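The values are calculated or read from the model by the stated rules, or taken from the named source; none is laboratory data. Please read these numbers as outputs of a predicted model, since none were measured by experiment. Neighbour counts run over all protein chains shown; Cβ positions are idealised from the backbone, glycine included.
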Amino acid sequence: MEKNVTYSLINVLRNIRDNGSPVVTRGNEQVEVLSQLLRIKSPLERVIVTPHRNNNIFALIAETFWVLGGRNDLGYLTHYLPRASDFSDDGKTWRAAYGPRLRNWYGVDQFQQVASLLRADPNTKRAVMTIFDPKSDYVETKDVPCNNWLHFLIRDGRLHLNVTVRANDAVWGFGGINSFEWSILQEMMAVWTGTQAGTLSWFVGTIHVYKRHYKTIDQILDNFGNKTLYEFGIGHPKFNTPLADFDRALHDWFSIEERIRIHGERMAITDVLSIEDELLRNSLQLLYIYNRYTRGAAEEEIAYFVNKLPMNDFKIAAIEFFSRKYGRWDLSQLRQEENDFFEYYWRTQRVRTPQRVLA
């Protein structure tokens, strides 16, 4: 069992590089390992900031809330994740988007049902959410769900989450959106059931790296320094909204986000900062900053708002993102823990000959 998702990703990539087998599916060359079980002890340590992974925390937040809100529209998502349209049949929606299936599966809200099951019987083994739909997914399409089944299980006051995945891109899937979004849902379900988040276990039929990422995984592995940001005293924003208030809170969240994204309302930051829930507030702070960036705000303005963020993993990821975009590290006013992490992070970025380049 790995401590957090960063360590798990490193081991997955190393396993693929050392033991993977080449295969071509749907015209895409890749290297894969089969039938893997991944276990993560502290899934709320969800943010990956490691050299050459180049994660986009803003896209992760945007897509996660898109799923939580039961949405499938690309007008919102492509603003933060432009390549999303590559996986759409009609250019307007994701046919098999997780959100509608989780929040409105033929009229059933699986969030509500699972929370009710767990509250009624904390020892139940029946708290399952299903994503794959036999009625609609055996078709020729760009979009068949990779993540198929979520199982929530409470033992000794801890809510464990088991995820079953038919196929996972190790870089963009497991090491990108999937571990992030499901750990958010796990944290929320723990709050709704009065428990603590337990382990996150991942059952995957094939986990793979596509040819486009062969060089990337060599760079990630050869520059990983054996520590993550969480060893430096960095925490994460906490969620505390009751289930009864969740949909209203999400509605308000998306209303503010739309004012920021579509209308560019600079004063919307006042409403962002008035949100009581730390996770909802902090996530929308980041999207506000990202939208100011995409609208051409000066580096000094971006730095001002980043410096106003609370010290947590979201802020670290934002600093790393803008440092790459601006090509400089001196815009942020770092607190001691942040400074300690980034001094370590910079030292790990070194040029080395890869052990073996996938080919």
Could you tell me whether segment 157-179 includes any residue that is of a type in the set (A, V, I, L, M) and over 27 Å from H52 (Cβ atoms)? yes
Check off (1) surrounded by 22 or more Cβ atoms within 10 Å (Cβ to Cβ); (2) in a helix (DSSP H, G or I) for T50 and give me the number that stays unchecked. (2)
So, in segment 291-316, how many residues would count as being part of a loop (DSSP other than H, G, I, E, B) and over 22 Å from the mean Cα position of the chain (by Cα)? 5
Quick one: which of K215, K135, K227, K125 is without any contact (Cβ under 8 Å) to a residue 24 or more places away in the chain and out of contact with any Asp or Glu (no Cβ under 6 Å at 6 or more places or on another chain)? K135
Return yes when I256 is surrounded by 13 or more Cβ atoms within 10 Å (Cβ to Cβ), more than 23 Å from D73 (Cα to Cα), in contact with a helix residue (DSSP H, G or I) (Cβ under 8 Å, 6 or more places away or on another chain) and at pLDDT 95 or above and no when it is not. no
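Results for (1) assigned to a strand (DSSP E or B); (2) under 14 Å from G205 (Cα atoms), shown as yes or no for each residue.
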position	(1), (2)
D143	no, no
N148	yes, yes
L153	yes, no
V163	yes, yes
W172	no, no
F180	no, no
S183	no, no
Q186	no, no
Residue check: is A96 more than 28 Å from Q196 (Cα to Cα), surrounded by 14 or more Cβ atoms within 10 Å (Cβ to Cβ), in contact (Cβ under 8 Å) with a residue 40 or more places away in the chain and among the small types (G, A, S)? yes
So which residues in segment 207-247 are surrounded by 19 or more Cβ atoms within 10 Å (Cβ to Cβ) and among the β-branched types (V, I, T)? I207, V209, I217, I220, T228, I234, T241
Taking F111, is it under 19 Å from the mean Cα position of the chain (by Cα) and touching a residue at least 60 places away in the same chain (Cβ under 8 Å)? yes
Neighbours by Cβ (under 6 Å, 6+ apart or cross-chain): first from segment 280-293, closer than 9 Å to W253 by Cβ; second of a type in the set (K, R): none
Which residue pairs have Cβ atoms closer than 9 Å, lie 6 or more positions apart in sequence or on different chains, and pair a first residue in segment 11-39 that is without any contact (Cβ under 8 Å) to a residue 60 or more places away in the chain and under 26 Å from N223 (Cβ atoms) with a second residue that is outside any loop (DSSP other than H, G, I, E, B) and β-branched (V, I, T)? N15/V33; N15/I207; N19/V33; S21/V31; S21/V33; P22/V31
